[in-house]
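Here's the structure, in structure tokens; my notes come after.
The values are calculated or read from the model by the stated rules, or taken from the named source; none is laboratory data. Predicted model, so just to flag it, every value in this text is computed and none were measured. Quick reminder, even Gly has a Cβ in these numbers, built from the backbone with ideal geometry, and neighbours come from all protein chains shown.
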Amino acid sequence: MPSVDPAERDPNRVIVFDTTLRDGEQAPGFSMGVSQKLEMAHALAALGVDVIEAGFAAASPGDEEAVRVVSGEVEGPIFCSLSRATEGDILAAHRALSHNRRRRLHIFLGTSPIHRKAKFNMSADEVLAQAVASVQFARTMFDDVEFSAEDAIRTEPEYLADVLEAVAEAGAQTLNVPDTVGYSTPAEIYDLFTYLNRRVIQKYPNTILSAHCHDDLGMAVANTLSAVKAGARQVEVAINGIGERAGNCALEEVVMALRTRADQFGLTTGVDATKLVSVSRLLSKVTETPVPRNKAIVGINAFAHEAGIHQHGVLADARTYEIMLPQDVGFDGTSFVLGKHSGRHAVAKRASVLGHELAGNALSAVFAGFKRRADEIGEINDAELVAIIRAETAEQHRGAHAAV
């Protein structure tokens, strides 16, 4: 039996296929050793992803070893290896995953005209035949086979559907439609998945459409969500959106979009969102690559406010400027960043937390000193604020004594 039986699945639950350790790790600057992959795999399993693509076993002896170790020591998710549509690759993946019953083979083969001509010098019929032959061979060793039509977005829709129908007939249960080069738009991908859902999935109802979108034009998350709207029930994602070139669809963004906009999607995942920040930070540590401050969901600015109007609104009701609770994704809470854009309310609030009650002339003096210092250095931390309070308080005392 397949590791995931679509016929027994909740149609309103989206399978989260994490490729941080494969597509993410193969991108420049994100390479991981076996021990690092193992640490990340434990974290991903605790996060609740359904499938972990642990690597590309045929890529190197090291990658095969990493797939073997990770799939052997981590329990919970289905473990997967990428494979070209060749017997050698399929055998390498089987060696790496042979000890794990919850295993999947992920075969890919380029189907677009540019891939057929430039990469393979093969006709459309020859590519289709190779796709079918590879799936048939894989099914002699794997119950769970996924097929990816590489560069699907630039493939003729009718031919793409022909290929997906053929591999479904050969035994592939997951049909991945990747935007390999990040070329698509939300409207275009919606139309394509609607067409494939109608033509292929209705004929093979025990198969699942999957979306794998790259971010070359900055639309990976939007495209993935459009695919889900049109019937995709697996999303291929990576923590922090890492991956080839501009990266993959970010796991944390899709998960929280589905959760926050349940009114639009009506779909769920098995991900424990409260672990998103910790897993993001672990990946940052493992790869020695900082997360951008303004990264959606997990960046340190995601729930931070400096502008006075925003800070005042959040103090009154966090919903004025926050559509999620920071605790929902693993932050301790809202962060007020004090800087030149901050207002009197935020300065007084932080001063009170630090043990200094300010009002009237005292608050005015401290706020003026705060603004001057913020213009000089930018962000004002607690130590700087206390120093400003003490300096302005001392100045007020000197002024009072001079007046006497």
Problem set entry | strands (runs of 3 or more DSSP E) (entirely within region 97-212) containing at least 1 residues that are within 21 Å of Cys80 (Cβ to Cβ) and touching an Asp or Glu at 6+ places or on another chain (Cβ under 6 Å) | 103-110, 174-179
For this session: Answer with yes or no whether Ala41 is farther than 19 Å from Ile239 by Cβ and touching an Asp or Glu at 6+ places or on another chain (Cβ under 9 Å).
Result: no
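Which ranges mark the helices (runs of 4 or more DSSP H) fully within region 326-379 that have 2 or more residues being without any contact (Cβ under 8 Å) to a residue 12 or more places away in the chain and under 26 Å from Gly299 (Cα atoms)?
Those helices (runs of 4 or more DSSP H) span 360-377.
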For this session: Report yes if some residue within region 119-133 is crowded, with 19+ Cβ neighbours inside 10 Å, at pLDDT 95 or above and closer than 21 Å to Arg233 by Cβ; otherwise report no.
Result: no
